[in-house]
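The values are calculated or read from the model by the stated rules, or taken from the named source; none is laboratory data. Computed from a predicted structure; not experimentally measured. Cβ placement follows ideal geometry from the backbone for every residue including glycine, while neighbour counts extend to all protein chains displayed. These accessible areas exclude ligands, DNA and RNA; they are computed on the full protein's heavy atoms, side chains included. Shrake-Rupley method; radii C 1.70, N 1.55, O 1.52, S 1.80 Å.
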Amino acid sequence: MLKELKENKKLIFILILFLILPFFRFPDLRNEMKYLDIIQEMMDKKNYWILYYQGRLYPDKPPLYFWLLISAYKIFGENLVFPLSLIFFSYLPFLGILFLGYWQLGYLKKEWRSNFLIYSLTIPYLMGISIFLRMDMLMTFFITLVLSLFIHFYFNQDKINNIKLFLFYLSIFLGAFTKGPLGVIFPILIIFIFLYLENNLKFLNLLHWKTGIIFLLVCFSLWFLILYQQPDGKEYIYLLLNKQTVGRAYKSFSHARPFYYYFVYIPLTFFPYGLFYIYGFFKYLKNWKKKKEWTLFEKWTFSWSIPSLILLSIVSGKLQIYMLPIYIGMIFLSLIIRDKLIEKYPIIKNIEKYTQNFIIILYVFLPVGLFIYANYFKS
């Protein structure tokens, strides 16, 4: 990874720029300010398991991310908690996700590592949420870690051991303990679909999946047992399971959207590679009957980027940021389509280069824009 960065100074510029930008940011009033208020109430009530917002129960999210924010508050103080939390709990997990995707390509498609980094760093929406105070990036890191460990296991079956398997299943739990059920559902769905395509479901036995399920059940049981013993614990558990889990999946009370919602916005939120992805999405669904002819990389990419989006589209509650855990798979699929289209239309390569350079130029003006934005809200 360091080699690619040294060869492309633009990538280093982007990484340094977005490391600095959190100090120009002002908390978003709808979500980020809310999270800062929640940690203040947690500290005031001295209850670090039950979340409250403006005195009312807030079962929308698990507590892990808020524990991290409280730690940052106590270490760095009120003035620095926001920018440093953006760096430590959003931007650094984002860099970890990039590293893990890069690492996977070492097994799957080594020659595409450089293009993967360029693609990842020139998606404005992805870069924007890398410095946004939400737990989605941290959950995505844990999901990507699970998938990366799986790829490592798949290519190195003799190196599977209890310590790595513990990290594997712990990461699944931490994904859910950061944001919610998708932290468990996504990695299991992706791995299962991939092994189905490989006609190798027996590989699950090497992962000691029965022991893994018991481990996860124990972790979740301990969490709910602790919640049950807290003030308002019974009501909190009910809201957590009924309203926030089942309720968001079926006839969501919040962010209810039609099935096609994500497809409408992908050209914007996955710009400038959205059309590559959409083309690949329908191309591989159309060619499902030819799945035995797919390469291992195509099977892995399909499993990560397509069934997951179908699942998100079925779920009632929808936000663009919910797609974050499948972005690496989407980038992989876009690279596959790009490679095939460039053979037919070489001009795509030039258009892509100019577009990427234009996006990097726009990044240069971000500090000025954020500075003006922050001063506007402070005045």
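Remarks
- Which listed residue is within 13 Å of the chain's Cα centre (by Cα), under 15 Å from residue 329 (Cα atoms) and among the aliphatic types (A, V, I, L, M), from 117, 126, 108, 92: 126
- In summary, helices (runs of 4 or more DSSP H) completely within the range 182-243 and bearing 2 or more residues that are aromatic (Phe, Trp, Tyr) and closer than 23 Å to residue 297 by Cα occur at 182-197.
- Residue check, residue 189 surrounded by 18 or more Cβ atoms within 10 Å (Cβ to Cβ), closer than 26 Å to residue 320 by Cβ and of a type in the set (A, V, I, L, M, F, W, C): no
- Test: residue in the range 153-169 that is open to solvent by less than 30 Å² (accessible area, probe 1.4 Å), closer than 30 Å to residue 82 by Cβ and in contact (Cβ under 8 Å) with a residue 24 or more places away in the chain: no
- Condition met for residue 34 (surrounded by 15 or more Cβ atoms within 10 Å (Cβ to Cβ), of a type in the set (D, E, K, R) and under 30 Å from residue 121 (Cβ atoms)): yes
- Total residues in the range 297-314, condition of a type in the set (A, V, I, L, M) and surrounded by fewer than 17 Cβ atoms within 10 Å (Cβ to Cβ): 3
- When the range 214-241 is filtered for residues that are open to solvent by less than 40 Å² (accessible area, probe 1.4 Å) and not β-branched (Val, Ile, Thr), the ones remaining, listed by number, are 216, 219, 223, 227, 233, 236, 239, 240.
- Residues of the range 321-367 that are open to solvent by 70 Å² or more (accessible area, probe 1.4 Å) and within 18 Å of residue 129 (Cβ to Cβ): 362 alone.
Residues checked against (1) out of contact with any Leu (no Cβ under 9 Å at 6 or more places or on another chain); (2) at pLDDT 95 or above; (3) farther than 18 Å from residue 112 by Cα:
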{"residue": "293", "(1), (2), (3)": "yes, yes, yes"}
{"residue": "296", "(1), (2), (3)": "no, yes, no"}
{"residue": "299", "(1), (2), (3)": "no, yes, no"}
{"residue": "302", "(1), (2), (3)": "no, yes, no"}
{"residue": "307", "(1), (2), (3)": "no, yes, yes"}
{"residue": "313", "(1), (2), (3)": "yes, no, yes"}
{"residue": "316", "(1), (2), (3)": "yes, no, yes"}
{"residue": "327", "(1), (2), (3)": "no, yes, no"}
{"residue": "330", "(1), (2), (3)": "no, yes, no"}
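- Any hit, the range 135-150, residues being open to solvent by less than 20 Å² (accessible area, probe 1.4 Å), touching a helix residue (DSSP H, G or I) at 6+ places or on another chain (Cβ under 6 Å) and assigned to a loop (DSSP other than H, G, I, E, B): yes
- The listed residues are 347, 306, 310, 351, and the only one of them that is without any contact (Cβ under 8 Å) to a residue 12 or more places away in the chain and under 20 Å from the mean Cα position of the chain (by Cα) turns out to be 310.
- A single entry from 51, 21, 11 fulfils the requirement of being among the aliphatic types (A, V, I, L, M), buried (at least 17 other Cβ atoms within 10 Å of the Cβ) and more than 22 Å from the chain's Cα centre (by Cα): 51.
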